[in-house]
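Just below is one structure, and these are the notes that go with it.
Read-outs throughout are calculated quantities, based only on the coordinates presented, and are distinct from any laboratory measurement. These numbers were taken from a predicted model, which means no experiment stands behind them. Note: ideal-geometry Cβ built from the backbone for every residue, glycine included; neighbour counts use all protein chains shown.
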Amino acid sequence: MSVSNVIEKLGRSPEDIRAENLRRWVTSINEVTTIKDVKARERTRVAGVIQNIRIDPRNGRDAIEATIIDGTDRMVAKWLGRASLSGIQLGMGLIMEGVPGAGPDGMLVMLNPEYVLVPGPEHG
Amino acid sequence: MSNAQAAFKRLVLGRPMSSGELEHTLLPKVIALPIFSSDALSSVAYATQEILLVLGLVGISALAHVLPIALAVGSLLSIVVISYRQTVRAYPSGGGAYIVAHENLGVFPGLLAASSLLIDYVLTVAVSVVAGVDAIVSASPGLERYSVEISVGFVAFVAIANLRGVRESGTLFAIPTYGFIFSMYLLIVTGFVKCLGGCPTAESAHLALKPEVSALGLFILLKAFAAGTTALTGVEAISNGVPAFRYPQSKNAATTLAILGTISISMFLGISWLSHVMKVRYLDTAKFLALTGHAERSVIAQIAYGVFHGGPIFYFIQIMTAAILILAANTAFADFPRLASILARDRFMPRQFMNRGDRLVFSNGIIILATLASLLVAVFKANLNHLIQLYLVGVFISFTLSQSGMVMHWKKTHERGWQRSAIINGFGAAMTAVVLTVVVITKFAGGAWIVVCAIPILITMMRSINKHYENVRTELAHPQRRPLDRRPGNHHVIIVVSNVDAATSRAVGYARAMRAADVTGIVLDPADSAPWHRLAPEIPLRVATGRSEIDNVLQVVQQKRADLTEDDFLTVMIPEILESQHLVEVFRHPRTYRLKSTLLRQRGVQVLDIPLLRKQIDPTIDQAHEPARNYAFVLVSGVHNATLQALEYAETLRPTDLRAVSFGLDPDATQRLGDNWLRDRIPHPLEIEDSPFRDIALSLLQYLRQFRPDGLDKVVTVVLPEFVVTKRRHQILHNQTALLVKRRLLFEPGIVTVSVPYHLSES
C-alpha cells in the first residue's frame, strides 16, 4: 500500500467507502435502476440493502416498512397486513419491482411490491 | 469523541469497517498456516530446552535420554494432530475444546474446558513473549535487565496489531513464521552436514555438571517427558479457527493441520538430535549465572552459535526465533476473544465480549488478554522457567476433554466409519489424560498449583454469571410482572433545583407540557426560593437544607413515593447546566452523578436528565417555555417486561409521537424482536435501524438529529429501560449500552434522557 493510498483512505469517511461498495454491488444485479434515477408513478425495479425496518401495528392493520439504500439514495417498501417479518432482516439485499409514489416526507414508497430477498453484499 | 481523537484512533487502528466487510477476511492456506501455527511451531524453540533442564539436574549421563524422550513427545504430537484432524472435519464452524466438550459431554466439562483454555491463552501470550525476549537477550547480552519492559512492550504491539484486524496481522505474521521454518531447517541441515565430519560442540559442553547427583528414576524421566510436551502447545489453534479458512473450510483446515504436524515434529526432533550430538547443557538461569558469572543462552542460540560460529546466520536465526515467538502470542489473541464471545453468547461471560469493535474484532477480549498477560509477565519477572511450570495443565485438560467429547460425538452420529474415528480419538484422549496426570504430579509444586486453583474459581464465576442472566431472563418474561395492559397510574414529578437557571426553566416547561398529576420543586439553597416563585408560581416548593444534600433530596423523594400507589410513576427531574462540551464535564459534577445513581436504586423512581450547554442559553428567554412537540423514543433490545414498563412510562409523558427504536447488531436478534413485537401486538410503532459500524450511541445520535430538536419548541426524549440488580457485583453485567448512550447524548442540544429502572428481585 503506497503512502498516498493510505492518506486517501484516511481522508475518506467510512460511510463513503460503504456507499461505494453498495453502488458496486447494485451494478452487479441485472436490470435495476439506481434509486436516485427513479421517478414517481413509473414502474421500476430497484435493489438495495435493508437499512431500517419499521413495524406499525396501529390502526388495526400491521404495516411493515423496509427502507433500502443503494449508495445513491433510499426508498421504502411497504407491506400491509403481514403477520411476521419472514426473512426481512437488516443487511439483507432486497430487489423489488413496482410503482413508487411519494411518501409523506418526500421519500419514494413502493406499496406491496413484488420482491426477492437476496444475500446482501455485506452478509455472505 | 473529538475529531483529533477519531483521527488518532484511525491512524493506530485503521478506518472503521462496516459489519458486512467481515466476509472479506477469509484466509487462504498460506496465510492461515502462519496465523494459526505460529504458537505450535514456536514451542520448538523451548521444548528441547525444557527436557535438558530436567535431565541436567540429574547429571551428565542422564542427558543421553533426550532422544528417546523427544521421540516419545513426537509420537504424542502426531497422535494429537491425527485426533484433531477429525475434530476439524466434524466441526466446520469451529470446534474448540469448549464447543466439543459442551455439546457432547455437558455443561460442566464444557466450562472446565473453557476455563482451561482461557488460562492457557493468557499463558501462551506470557510464555511466548518471554521466550522471544530470551532469544533477543541471547543475541545481545546486557539487555536481560530490561526483560520485563521489553516483554510488556511486545504484548502491547501484538495487541494493537490484532485490534486492527486479522487479515492485516496475517500478512504481517507470514514472513516471520516462514522465516523461522526456513532458519530451523537451515540450522538442522547444516548441523547434520557438519556432523558427517565430526560434530561441533556447544559452548556449554564442558560445563561441570555433577556426574551423578541422584539415581535416574522413573519420576525424573516422566518429568522430563512432561517438560518436553510443551512442544504440543498450540496444536489446537486450527480447530478453533476453521471458519476463518477459505472454502472448502474443513478440508483446508485439515490439510494445514497435517502440514503443521509434519513441520513441527521434524523441527523438534532435529533440534533435539543436534542438542544431543553437540552436548548442549542447560541449567536454571539463576544457577548458571551463579556458576559462571555470565547470562545463559537459550539452547537454540547455543546450537546456532556452535554450527555457524556466530556470524550473520546466527543473528538471523535469533531474530527469526524471537519474531515467531512474539507472534505466537498472536494465536492466543485470535482465540481468546473468539472463545470469550462464544461464552458470552452462551451467557457464561458478560455480554460485552460479544461486541465487535471498529475493525470487526472482539476488542474487549483483546484488551483483557493483553492486560492479564502483561500482569503475569510482571509478577513472574519475565522468568521463562517459572512461567512454563503453569503452562501445561490447561493445555492437557482441554486436549483430553476435546478428544473425549469427540468419542461421544462419533457414538452419537454413527457416521460411516465412526468406530475407527472413535478409536483414534479415544486413544488420543487416553494418551493426553495420562500426560495430564504426569504434568499435574510433576509440576504441581513448581507452579501448576496456581492453575489448579484458578480453574475452579473461573468455573464458579461463569456459573454465577450464567445463573444471573437466566434469572433475569425468566423474570423479564414473567407473566405476573408484565406491565402491559396495566392501566398506567398517575404521573408525579419532583424537580431538583440546584440553581434557578435556564435549565431549570426548561424542566418547568417540560413538566407543564406533560400535564403531570402534581409537580413539586426542591431547592437546596433557601436563597433560590424567590427566583423559583417568579419562574413557577404555581409549583409548590420544598426547601431541603441540611448536612447532606443527597440525603435531603432522597428523604423528600421517599416520602412522596410512600404516598403513591404501585402503578404511579414518580419522575425526578434533574436540570443541569454544562460549561463545556468536554467529557471532563461528567466528572465536574460528582454530586449530581451520585444523586442520579442513588435515585436510580429507589423502587418506582425514574430519573429524567435535562442538560443544557452554557453557550446554548438564549438570554432573551427568561420564562419557562412549554415545548409544542415532544418526540419520545424508547430504546429497546427485546420484547420483555422492562421494555413494556418503559413504554408505559413513555405514554404518560404525553408525547406528540412515541415509538420504540432498536439498533441492529445481530440480524437474528433483530428479526426475533420484530416478530415478537407483531406477535404480542405491542400498540406502538417499532423502528429497527442498522448500525453498520456497530456504534449504537452514534447511530442513535444520527437518527435523533433528523428531528432537529432545539429544546424549546421541539424536544426529543430518549427513554432508557435499565436494570437494577440486588447484588452490586452483577451491576457490571447490565446497562453498559444505556451508560454509553447517556454519555453521548448529554451534550446534544434539545435531547432529554430518562432512565426507567426495572428492579430485578432474583428470588
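Computed on the Cα atoms alone, the convex hull of the range B:508-552 gives a volume of 74 cubic angstrom per residue.
Extension gain for the segment B:Leu67 to B:Asp618, taken as residue separation times 0.36 nm less the Cα-Cα distance, is 189.9 nm to one decimal. Modelled label positions at B:Lys287 and B:Lys727, each set 7 Å beyond Cα in the direction of Cβ, lie 4.6 nm from each other. Near B:Ser147, once Lys and Arg are set to +1 and Asp and Glu to -1 for all other residues with Cβ below 10 Å from its Cβ, the sum equals -1.
Rounded, prolate or oblate: which fits the range B:491-568, taking a ≥ b ≥ c as square roots of the Cα gyration tensor eigenvalues, rounded meaning a/c under 1.5, else prolate when a/b beats b/c? It is oblate, given that a/c is not under 1.5 and a/b is not larger than b/c. With equal scatterers on the alpha carbons only and no solvent term, can you work out the Debye log10 of I(q)/I(0) for the range B:254-315 at 0.12, 0.15, 0.17, 0.18 1/Å? Scattering profile of the range B:254-315, log10 relative to I(0): -0.43, -0.61, -0.73, -0.78. The Cys residues in the protein assembly as shown with no partner Cys Cβ within less than 4.7 Å of their Cβ are B:Cys453.
Here chain B is assigned +1 on the Cβ of each Lys and Arg and -1 on the Cβ of each Asp and Glu. Its dipole about the Cα centre then comes out at about 1080 debye. Summarising the amide proton neighbourhood of B:Thr520: residues at separation of 5 or more, or on other chains, whose placed amide H is nearer than 5 Å comprise B:Val493, B:Ile494, B:Ile495. Multiplying the residue separation of B:Ile82 and B:Trp418 by 0.36 nm and subtracting their alpha-carbon distance yields 119.5 nm.
Across the range A:50-124, Cα pairs under 8 Å and at least six residues apart give a relative contact order of 28 percent. In order along the range B:464-471, the phi-based Karplus estimate (6.51 cos²θ - 1.76 cosθ + 1.60, θ = phi - 60°) of 3J(HN,Hα) comes to 5, 4, 4, 4, 4, 4, 5, 4 Hz; Gly and Pro are listed as x. Derived scalar couplings between HN and Hα for the range B:567-572 equal 7, 6, 9, 10, 9, 9 Hz in order, rounded to whole Hz, by the Karplus curve 6.51 cos²θ - 1.76 cosθ + 1.60 (θ = phi - 60°), x for Gly and Pro. Calculated on the Cα set of the protein assembly as shown, radius of gyration then Dmax: 32.5, 107 Å. Looking at the range B:336-453, the pairs of alpha carbons with a distance over 20 Å make up 61% of the total. Per residue, the protein assembly as shown reaches -17500 deg cm²/dmol at 222 nm when only DSSP H runs of four or more residues are counted, each adding -39500 (n - 2.57).
Each of B:Ile550 and B:Thr201 was given a label point 7 Å from its Cα along the Cα-to-Cβ line. The distance between the two points is 7.5 nm. If the chain linking A:Ala19 and A:Leu80 were pulled fully straight, counting 0.36 nm for each residue of separation and taking away their Cα-Cα distance, it would gain 19.0 nm. The base-10 log of I(q)/I(0) for the range B:614-763, evaluated at q = 0.11, 0.18, 0.21 Å⁻¹, reads -0.46, -1.14, -1.44 [Debye formula, identical scatterers on Cα atoms, solvent excluded]. Among the chymotrypsin sites (Phe, Trp or Tyr not before Pro) in the range B:258-331, which ones are in a DSSP loop with at most 15 other Cβ atoms within 10 Å of the Cβ? Mind listing them? Passing sites in the range B:258-331 do not exist.
Shown here for the range B:513-622: GluC sites (Glu not before Pro) in loop regions (DSSP other than H, G, I, E, B) with at most 16 other Cβ atoms within 10 Å, namely B:Glu538, B:Glu566, B:Glu579.
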